[in-house]
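Everything on this sheet refers to the single structure shown next.
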């Protein structure tokens, strides 16, 4: 009776190890589980018109009065210039 219990315990332990190694390792490789990778570290800038934050590499740049101003899109840049002229 005790031998059956010991054999069952060993079999359950081995199955647990096999499942843990196979299933959980697949999750780590696929990116389903675990911590997220660190951010790229790119700076975000705020659009002066709509106050949206965009990465510097995706921003529309314009030089206004000798100063570089960043916008989220060409549309915001054009609207900003129209509003600046009307003031």
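No value in this document is a laboratory result; all are computed from the given coordinates. Please read all numbers here as calculations on a predicted model, not as lab measurements. Cβ coordinates were reconstructed from backbone atoms using ideal geometry, including for glycine residues, and neighbour counts include every protein chain displayed.
Candidates in the stretch 64-74 are the residues that are surrounded by fewer than 14 Cβ atoms within 10 Å (Cβ to Cβ) and in contact with a strand residue (DSSP E or B) (Cβ under 9 Å, 6 or more places away or on another chain); of these, the one that is farthest from residue 43 (Cα to Cα) is 74. The residues of the stretch 58-77 that are under 31 Å from the mean Cα position of the chain (by Cα) and over 13 Å from residue 48 (Cβ atoms), listed by number, are 58, 63, 74, 75. Please go through the stretch 40-61 and give me each residue that is in a strand (DSSP E or B) and surrounded by fewer than 16 Cβ atoms within 10 Å (Cβ to Cβ), ordered by number. 44, 46, 53, 55, 61 - these are the residues of the stretch 40-61 that are in a strand (DSSP E or B) and surrounded by fewer than 16 Cβ atoms within 10 Å (Cβ to Cβ).
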